[in-house]
Amino acid sequence: MNRPRSYTIAAVLTVLFSLVSLIFELPNLIQGPGEIAPGVEGAPIFLTILNFTLAILGFVAAYGIWQMQKWGVVLGIIVAALSALSGTPAIIFAPFLALRIAGVVSVIWSAAIIVLLLRPHPNPATA
């Protein structure tokens, strides 16, 4: 199987992104909505559930990308786009600078995955 390098990198980035999302969202999902600091509300439960679901779907998409399946690439693009959209409120509304930076990083990371999956593949030369 001759997998394009962009697919390999996109699959690895998708797994890493999903793993990081899962690590950060699982405690929020278990704890539920509430304060993250005295007087500071946490993320809405809707975003927590959405990010957790996208993390699980990210693992499925990474498998599909690794196997070079069209459904995996399409799912990977959808998951990355929704992850970028769900990270955008953190850039604007996060109460701490670290959370805003994490929002920017997640949007850039998602955009990189989309770009890698949409890159054209070089066709093998026929001679």
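Read-outs: derived from the displayed coordinates by stated rules, not from any lab. On a predicted model such as this, the values are computed, not experimentally measured, just so you know. FYI the Cβ positions are ideal-geometry reconstructions off the backbone, even for glycines, and counts take in every protein chain you see.
Which ³J(HN,Hα) values, rounded to whole Hz and listed in residue order, are derived for the range 79-84 from phi using the Karplus coefficients 6.51, -1.76 and 1.60 in 6.51 cos²θ - 1.76 cosθ + 1.60 with θ = phi - 60°, glycine and proline given as x?
5, 5, 5, 5, 5, 5
Only one of the listed values, (i) 1.07; (ii) 0.92; (iii) 0.97, was derived from the coordinates as Rg/Rh (Cα atoms, Kirkwood Rh); which label is it?
(i)
Work out, step by step, the length gained on full extension between residue 9 and residue 74: first 0.36 nm times the residue separation, then minus their alpha carbon distance; give nm to one decimal.
Stretched out fully, the residue 9 to residue 74 stretch lengthens by 21.8 nm.
For the chain, with only Lys/Arg (+1) and Asp/Glu (-1) charged at the beta-carbon, what is the dipole magnitude about the Cα centre, in debye rounded to 20?
Dipole about the Cα centre, nearest 20: 560 debye.
For the chain, find the longest principal axis of its Cα atoms and tell me its angle to the long axis of helix 5-31, 0 to 90°, nearest 10.
Helix 5-31 sits at roughly 20 degrees to that axis.
What's the angle, to the nearest 10 degrees (0 to 90), between helix 45-66's Cα axis and the longest principal axis of the chain?
20
Whole Å is fine, so just give me how far the alpha carbon centre of the range 1-17 lies from that of the range 51-116.
14
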